[in-house]
Each structure stands twice: as structure tokens, then as C-alpha cells.
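Working notes, beginning with the structure itself.
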Amino acid sequence: MGQQSGGTYGTWRTTDGGATWVQVDTNEHPPGAAQIYQPDSNGVVFMAGSYSILGQGVLRSADYGQTWTHLGLTNNESVVIGTSKNVYSMFGFSAGPGGTFDSSFELAAEPGNGTWVAPGTPAGLTQGAAQISTVNDGSNNVLIGAMWNSGLWRYIEP
């Protein structure tokens, strides 16, 4: 996904180990970050939406990326991650003149195909995510992120 072929940007899919590619959306990742989330082996894949024909926000596929539906709000997003409780999406760096940072933090209860909300930006996330991962400390799900211009960030899921 997020491949470029023949000068055309977008989201591409292959089923033959990369010998041929089919464009499935115009979605592309913003400069500096892109992260998808696959919660299980049942074909579901989440992708951050930026320039998609379906709109910005979160995109979900139930067939390993062959077709996509739009979920979430209409924020420009760059990473999607999930836990056993929620699916999260956020934005990182915005390129362009005087590039800015905007977290655009949003989430939905797992399995992520319901209502998405923007609960407000958690402390320390104001610089947006470059990459993010989840761990469990035995009691809580914890999101650990590499943030643009602000180092590492830790969010303990309520």
C-alpha cells in the first residue's frame, strides 16, 4: 500500500508477490509518516486517510485492501493503531510553507467500524506522531509514540 507506479501516487495492491499492482485508491501518506493497522487475520486492515477518493480520516478494508470504506472524522491522518479496546488514528507533520504540527487525535471502540470521536488531544501529543506502537503492561494498554520534535510519548489507555 502507498506504492508509486509509473508516476501515479495512491494505494496499490498486489496478489502475486509484487509482479503486478492494481491501484485501489488515491490515498497516500503525508510526508514523514504512514502506518497501517491489521488487528487480526480475518482480512481487516485500517489505513490513515490522506487524499483518498473517500475523503480524509480513517479507511477500513475487510478484504485485505481490495476495497475500502471511510470511517472516522475528516481529519488528515497519518497513523492508525489499535488495542483490544480501541482503534486510534492521528496525524503528524503537515508539510508546506511553515509546516505545522497537528495531532488530529481520534478513536473508536474496537472493532473500529462504529462511531469515531475526537476526545481532545492527550498531553504530550501536540506535536503529532511519526510512529506509534502498543504494549500491555499486564494491567493497561499503553501507546508509545515517537513524536515530531518532542521525543517519546506514552499514553495509558483509560
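The values are calculated or read from the model by the stated rules, or taken from the named source; none is laboratory data. Predicted, not measured: the structure shown is a model, and the values here were computed from it. As a convention, Cβ positions derive from the backbone with ideal geometry for all residues, glycine included, and neighbour counts pool all protein chains shown.
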Contacts under 8 angstrom Cβ, first residue in the stretch 52-76 being under 15 Å from residue 36 (Cβ atoms) and free of Cβ contacts under 8 Å to residues at least 24 places away in the same chain, partner of a type in the set (Phe, Trp, Tyr) and in a loop (DSSP other than H, G, I, E, B), 6 or more apart: 61/68
Residue that is buried (at least 16 other Cβ atoms within 10 Å of the Cβ) and modelled with pLDDT under 90, where the choices are 7, 82, 49: 49
Condition met for residue 65 (in contact with a Leu (Cβ under 8 Å, 6 or more places away or on another chain), closer than 28 Å to residue 21 by Cβ, modelled with pLDDT of 90 or more and not hydrophobic (A, V, I, L, M, F, W, C)): no
Residue within the stretch 87-110 that is at pLDDT below 85, β-branched (Val, Ile, Thr) and crowded, with 19+ Cβ neighbours inside 10 Å present: no
